[in-house]
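One structure is given below, encoded as structure tokens.
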Amino acid sequence: MSWAERISPQVQTLPPSGIRRFFDIVAEMKGVVSLGVGEPDFVTPWHIRESCVYGLQRGYTAYTSNFGLLELRQEITNLFTHKFGVSYDPRREALITVGVSEALDLAMRAILSPGDEVLIPIPSYVSYTACVSLAGGIPVTVPTLMENEFRVTVSQLEALVTPRTKALLIGYPNNPTGAIMPREELEAIAAFAEKHDLIVISDEIYGDLTYSGTHTCFSSLPGMRERTILLNGFSKAYAMTGWRIGYALSNPDFIAAMNKIHQYTMLCAPVTGQIAAIEALINGQHSMEKMVREYNGRRRLMVEGFRKIGLNCFEPKGAFYIFPSIKETGMTSLAFAEELLKQEKVAIVPGDAFGESGEGFVRCSYASSTANLTEALTRIGRFIQQFR
Ligand code: PLP
């Protein structure tokens, strides 16, 4: 038996991330304008970096509690009390994780038994279906439509819920579409979750990057605190992707179960990142808001740019992605992305990487400089002329 054949079937059948595969090609090319990776182009604000340096000087180099530094958990739960009016006990209802990535994996492994179904609106972040599958569950994807601004509806969910459905996994503001859900529609989803007794995993990593209205925290909706596993982190809003700090808030049973896995697999999140995250919460509001304003300006530039070129696109309301339709070219998303890269050296992500209903769209990240965005728009405009 070859080495490859000895890999577990669960991993063998897992498709590689459509994003990474594409960017391995990009990394080898010169002169590429990349709107590919979903990562802030800002460096973490200096006062946050400095707090980490100071922490190291003071000798903070050891493991922390499995749950994470209590001070960080307190800052997080205070934030939720003041901002969203939902209270959590920092000692029993908060867990600091290695990014939202780990929190997502822990949530799935803590609640799923083999064959349990999880409803996932798509297009969605690439890890959602993968984490469900790796935990032995069955991802049941719910295609959302551009005509409905990529929002999921209760009737779509009702059509796919079964007695095996254990949970609903949502992520708004959405990666890759930039969709948000208005409060009334989230309330309808909450009633649906209650009716079918589902657990809701709500990934709100882009919550602070909401440009239209205010973000509604799912667990702050009446009756939702207990049945929700709220995920959030510092990577996007504070430009802290490399620090690897996220967190989960939920009822004590779910948090204890997630911590059980976390203590054997991760032990704790990096102490350096935890110290920096405390500083981000105490003094980082101003620098975060400055970055959000900058993203908002770039968002407008991209919407106007795509409209001028004549590519049909939904105006994103949150996160830092725009998801234009390329259907008029008659190409698949992958062919469009590959040809654009070859002819014009612009890197974007094919929409089908985020689920089948992403076919016919491409994801462009505007977490890139205005000069890069303007150049990318010029090149994309030139590229699509050949299809007219
Ligand atoms: N959730 C969403 C929707 C994301 O887009 C990403 C990263 O792109 C993550 C989670 C992972 O974030 P973290 O860096 O906290 O692991």
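Nothing in this text is a laboratory measurement; each read-out follows from the coordinates by a stated rule. What you see is a predicted model; the values in this text were computed from it and never measured. Cβ: placed from backbone, ideal geometry, glycine included. Neighbour counts: every protein chain shown.
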Discussion item. Going by Cα centres, the range 1-68 and the range 119-141 are how many Å apart?
Written reply: 20
Practice prompt. Would you mind getting me the FRET efficiency between ARG91 and GLU328? Use the beta-carbon distance for r and R0 = 51 Å, nearest 0.05.
Written response: 0.40
Worksheet item: Dipole of the chain (Lys/Arg Cβ +1, Asp/Glu Cβ -1, origin at the Cα centre): which of VAL152, GLY213, GLY59 lies farthest to the positive side?
Response: GLY59
Worksheet entry | Mean residue ellipticity (222 nm) of the chain, computed from DSSP H runs ≥ 4 via -39,500 (n - 2.57), nearest 500 | -13000 deg cm²/dmol
Fill in: Per-q log10 I(q)/I(0), the range 300-353, q = 0.22 Å⁻¹ (Debye; single scatterer per alpha-carbon; no solvent)
-0.94
Practice prompt. Counting only C-alpha contacts under 8 Å and six or more residues apart, can you give the relative contact order of the chain as a whole percent?
Written response: 24
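Pull out the extension gain between ALA257 and GLN156, defined as 0.36 nm times the separation in residues minus the alpha carbon to alpha carbon distance; nm, one decimal.
33.3 nm
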Worksheet entry | Top of TYR54, TYR211, TYR238 by mean-square fluctuation, Gaussian network on the chain, Cα under 10 Å | TYR54
Worksheet entry | Residues whose placed amide H lies under 5 Å from that of VAL142, excluding near-sequence neighbours | ILE120, ILE122
Discussion item. Tell me which of VAL37, ILE199, GLY318 sits at the most positive position along the dipole axis of the chain, charges placed on C-beta atoms (Lys, Arg +1; Asp, Glu -1).
Written reply: VAL37
Discussion item. Can you give me the long-range amide H partners of GLY360? Hydrogens built in the peptide plane at 1.01 Å from N, cutoff under 5 Å, separation of 5 or more residues or another chain.
Written reply: SER333, GLY351, ASP352
Discussion item. Using the Cα centre of the range 61-284 as the reference point, and only Cβ charges (+1 on K/R, -1 on D/E), how large is the resulting charge dipole? Debye, rounded to the nearest 20.
Written reply: 400
Worksheet item: Hey, how much of the P(r) for the range 61-284 falls beyond 25 Å, as a percent of Cα pairs?
Response: 34
Worksheet item: Any idea what the relative contact order of the range 168-249 is, in percent, if you count C-alpha pairs under 8 Å spaced at least 6 apart?
Response: 27
Worksheet item: With labels modelled as points extended 7 Å from the Cα through the Cβ direction, what inter-label distance (nm, one decimal) is found for ARG20 paired with LEU70?
Response: 3.8
Fill in: Assigned charges on the beta-carbon of Lys, Arg, Asp, Glu; the chain dipole about Cα centre (debye)
660
Worksheet item: How are the Cα pair distances of the chain distributed, in percent, across 20 Å bins from 0?
Response: 28, 58, 14, 0
